[in-house]
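Have a look at the structure below, then the notes.
The values are calculated or read from the model by the stated rules, or taken from the named source; none is laboratory data. Everything quoted here is computed from the prediction, not taken from an experiment. Every residue, glycine as well, gets a Cβ built from its backbone with ideal geometry; the counts of neighbours run over all protein chains shown.
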Amino acid sequence: MNLVERRKLWFGISLVSILPGILYMIWHMATVGTPLPLAIDYTGGTQWEMRFEQPVAPTDLRQVFVEAGYSDTSAFLVEDDGRTVQLKLKSIDPDQKDALIAAVNARFGTFDERSYRSIGPTIGAEVSRAALLAVIAASALILVYIAFAFREVPHPFRFGTAAILALVHDVFVTISFLAIMSLIAGWEVDALFLTAALTVIGFSVNDTIVIFDRIRENLQRYRNESFATVTNRSLLETLQRSIATQVTAMLILVALIVFGGATLRVFMSTLLVGLISGTYSSIFNAAPIVVAWEERKLFGTPVTETPASGLITQA
């Protein structure tokens, strides 16, 4: 099973996975002014939780607010019985609240107000900027560390660069997932999504390092084989371990998504997609990128193969 020589397929799947996120950010920036839909954690506003006597569709309840002039309102169920809906909208005064209560009562009947609070933005521009700078600094440190750890192999920065590209891939996959769910269910970027994205970045490099380390060992062991052959051998040797390790974590996340309640589903679902992407990118992106770089051939089978013995720096 030659994985690295099928990299055209793997890269194509990755492109299809990240393209929705890129297109969505361009569209949202052009229409709204922000690359992603921001929750009140970023913008501030009102959080309102209502419990009705009968099940209510969040989209129908949101429509009442849209008709009243609050088009940025988001609504979602917070309990499985379909009777409790949490709404997030811009800040309103008491008179506006009374008018909205009357409109909701006219459409759905009376309801119990479970909670109502006006909150300021808990995540401002400074926090977002600090998180971005932290990710950039961490990526630079990862690049330096991998280059140092693989200094016995020529062009060690290629391994570090491939790991960073796989990391960026995983971030864009989670953004694509958010974009799709934003269109389907009105998901927004909040504090938990930022936490999930940073966690995905932390997990993304783990499997990549393991695979790269096996490549380094096998380059010493199989000096007469080509670099692509050694890389493919290393992938197959670590494939079962990588998948088994990640599946264990994914099963826990699935259980939390099913039984953890609606408030955790956005965070856990984003984390699950990120872990799946991280496993995929480690196997099908990071190592094939290094092979493509080494062979100067992005797709397909190389014409000539360089023996791995020529890729080892003599001590």
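Structure data summary
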| item | result |
| --- | --- |
| Test: Y70 is under 23 Å from M181 (Cα atoms) and in contact with a strand residue (DSSP E or B) (Cβ under 8 Å, 6 or more places away or on another chain) | yes |
| Given (1) β-branched (V, I, T); (2) assigned by TED's automatic domain parsing to the domain that holds I289; (3) closer than 21 Å to G260 by Cα, index of the condition I26 fails | (3) |
| Considering residues of the range 150-170 that are in a helix (DSSP H, G or I) and touching a Ser or Thr at 6+ places or on another chain (Cβ under 8 Å) only, the residue nearest to V266 (Cα to Cα) | D170 |
| Candidate set: the range 120-172, residues that are within 23 Å of D190 (Cα to Cα) and of a type in the set (V, I, T); chosen: the one farthest from the chain's Cα centre (by Cα) | T122 |
| Residues that are in contact with a Gly (Cβ under 8 Å, 6 or more places away or on another chain) and surrounded by 14 or more Cβ atoms within 10 Å (Cβ to Cβ), drawn from the range 80-117 | K88, L89, K90 |
| Those residues of the range 194-208 which are crowded, with 18+ Cβ neighbours inside 10 Å and either hydroxyl-bearing (S, T, Y) or modelled with pLDDT of 90 or more (or both), in sequence order | S204, T208 |
| Residue under evaluation S128, criteria (1) touching a helix residue (DSSP H, G or I) at 6+ places or on another chain (Cβ under 6 Å); (2) touching a residue at least 40 places away in the same chain (Cβ under 8 Å); (3) under 30 Å from G274 (Cβ atoms), criterion not met | (1) |
| Meets criteria (on the phi < 0 side of the Ramachandran plot, under 26 Å from the mean Cα position of the chain (by Cα) and either modelled with pLDDT of 85 or more or assigned by TED's automatic domain parsing to the domain that holds S14 (or both)) for T229 | no |
| Complete set of residues in the range 173-193 that are surrounded by 19 or more Cβ atoms within 10 Å (Cβ to Cβ) and either charged (D, E, K, R) or assigned to a helix (DSSP H, G or I) (or both) | V173, T174, I175, S176, F177, L178, A179, E188, D190, F193 |
| Residue list for the range 55-76, restricted to those being surrounded by 17 or more Cβ atoms within 10 Å (Cβ to Cβ) and farther than 16 Å from S91 by Cα | V56, P58, L61, V64, F76 |
